[in-house]
Amino acid sequence: MQAHVLPKTRVAELVDALAKERRVVGPTAKENAFVFADLADGGELRLDYPISAQSPKKFFFPPYETLLKFHRNQPDTGEAAPDGQPIAILGMHPCDITSTWLLDKVFDTKNKDPYYQSRRERALIVGMDCGCPCDEHQFCLDMGSLYPKKGYDLFCQDLGDRFYVTVGTPAGQAVIDSTRLFTAATPADLLAHEEFEAAKTERFTRKLPFSADRIPELLGESYDSLIWDAVARRCFSCGSCNLVCPTCYCFNVSDELAMNLQDGERRRRWDGCQLRDFAEVAGGENFRPQTSQRLRHRVFRKGKYMKEQFGESGCVGCGRCDRHCVASISIRSTFQQLWEHQMAKLSQQRCELHPTPINQPASQYLPRPGRIVAAADFTEREKWFRVRLDDGQGLNFLPGQFVEISLFGLGEAPISICSATRGTGEFEMCVRSVGDVTNQLRKFNAGDIIGVRGPFG
């Protein structure tokens, strides 16, 4: 279909035109955040928003919904009529468009949901491309959601004083034909579109040190990893990550009686796998009583289970769960930690299978020379160091291990390794001045040589 252009001065007219036939929602400013809400007029629409607090998922799959109404003495209960009001959702970013397509798979394939289907079929989606990363939490390029190929009716790019508009469906073309606010894209518009794409490619970089296609395999190999326990120590099981995730679709169903205790409604509401009672069944048995088990389940759902069931990852890399977690738990960092742990295990296995005596100390008690490549004071007593071994072979350490730092004439001190297992040949440590060795080590800086033994533990 032919590309079109919409002048920014006519966006308010587009909102008014759509509002004649349907409910119109879009990103609006609310205090220090942006939320999708009903638009009273085009002036409320903020298409320049970085990212919304929640996705527009709620317009297809509401947090609370009546499924049927009943009377306790009448078995012939009736289903509640699905909301059939047409809606136009303006300004959906690529990650949210991708997540909507995944929800379509969930609610519109094997067990079709008439409530979701009714809303989805009457929805017009107008996407808004991202010209630059929204913040440091996003990793949409890694997860394949930055360039949506479907899921929208119209898709816009900001070209300064106008929007470049791509048509995705006949419904989108019908909006262009009926409103008469759009013009055909000129060669200058096509050139500006290509420049936008080139600039976008430069601004977005991959955040994961490996291909996201390997996440299912990585998780399968990490089911019993100690990392789950380590990360879960910070988790409050509050469910914030479930609430803001654009692809979470779990719900619970309960009956609510009226004051006469005879009439009532059966309602469903959003539920979350991070909540303590989510996996609890009759008799009080809980299949995931521990925080680490619930955390692992959520990450497996996003990175492995949904991929295997629907062919697409359950994580679109929007970063909302990282952004809103009060404990600063990051799903991207969790993927990275699991990867680094696996790489360290493989490296250690290679060393065991193919020992390299060259440059190795003749005795485990003989320190290897290491050079401090960076140092920084954290407090009056704590100092951080990054060390590279002179033989270039690295430590091949695992999380939780430590090294013995040697200063000849003073002795040795055991110091925990505080860096991730990146496989770079370097390691980091934070040293507290408490004794002869550590007090002297505090005086060392970049370029100084120390002795290193280990790793141990």
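Each value in this text was obtained by applying a stated rule to the coordinates, not by laboratory testing. Note that the coordinates shown come from a computational prediction; the quantities given were computed from them, not determined experimentally. When we count neighbours, we look across all protein chains shown, and the Cβ atoms used for this are built from the backbone with ideal geometry, even at glycine.
With the Cα gyration tensor of segment 146-300 giving a ≥ b ≥ c as the square roots of its eigenvalues, does the rule (a/c under 1.5 for rounded; else a/b larger than b/c for prolate; else oblate) give rounded, prolate or oblate?
Numbers: a/c = 3.76, a/b = 1.53, b/c = 2.46.
Here segment 146-300 falls in the oblate category.
Please report the net charge: other residues with Cβ closer than 15 Å to the Cβ of Ala446, K and R +1, D and E -1. Within the 15 Å Cβ shell, the charges total +1. In the chain, Cα pairs under 8 Å separated by at least six residues give a relative contact order of 14 percent. Qualifying trypsin sites (Lys or Arg not before Pro) in segment 60-126, where qualification requires a DSSP coil assignment and no more than 11 other C-beta atoms within 10 Å, comprise Lys110, Lys112. Return one number: the angle in degrees, 0 to 90 and rounded to the nearest 10, between the long axis of the Cα atoms of helix 291-300 and the longest principal axis of the Cα atoms of the chain. On a 0 to 90 degree scale, this one is about 70. On a full-extension model of 0.36 nm per residue, what is the gain between Glu221 and Ala446, subtracting their alpha-carbon distance, rounded to one decimal in nm? Separation in residues times 0.36 nm, less the Cα-Cα distance, equals 77.2 nm. The mean sequence separation of alpha-carbon pairs under 8 Å and at least six residues apart, normalised by the residue count of segment 1-123, gives a relative contact order of 24 percent.
The spacing between segment 222-239 and segment 381-425, judged by their C-alpha centroids, is 26 Å.
Compared with the dominant Cα axis of the chain, that is its longest principal axis, helix 331-353 is turned about 40°.
Across segment 194-313, the mean sequence separation of Cα contacts (distance under 8 Å, 6 or more residues apart), normalised by length, yields a relative contact order of 26 percent.
Would you please give the FRET efficiency between Ser254 and Ala188, computed as 1/(1 + (r/R0)^6) with r the Cβ-Cβ distance and R0 = 60 Å, to the nearest 0.05?
Details: r = 58 Å, r/R0 = 0.96.
So, using R0 = 60 Å, E works out to roughly 0.55.
For Thr179, Thr9, the sequence from fewest to most other C-beta atoms within 10 Å is Thr9, Thr179. When semi-axes √(5λ) of the Cα gyration tensor in Å is calculated for this entry, the matching label among [x] 51, 30, 19; [y] 43, 30, 17; [z] 143, 20, 11 is [x]. Distance check, please: which entries in Lys302/Lys383; Lys304/Lys383; Lys302/Lys345; Lys200/Lys304; Lys112/Lys304 exceed 31 angstrom between their Cα atoms? Violating the 31 Å limit, Cα to Cα: Lys302/Lys383; Lys304/Lys383. Taking K and R as +1 and D and E as -1, what net charge do the other residues with C-beta under 11 Å from the C-beta of Pro27 add up to? So the environment of Pro27 carries a net charge of -1. Centre-to-centre separation between the Cα atoms of segment 3-30 and those of segment 55-69: 24 Å.
If you rank Tyr152, Tyr305 by fewest surrounding Cβ atoms within 10 Å, what's the result? Intermediate values should be presented prior to the final figure.
Numbers: Tyr152 25, Tyr305 15.
In order of increasing Cβ crowding within 10 Å: Tyr305, Tyr152.
Lys and Arg at +1, Asp and Glu at -1: add these up for the other residues within a Cβ distance under 11 Å of Ser145 and post the number. Mind dumping the intermediate values first?
On the way: positive: Lys149; negative: Asp96, Asp142, Glu312.
Net charge in that neighbourhood comes out at -2.
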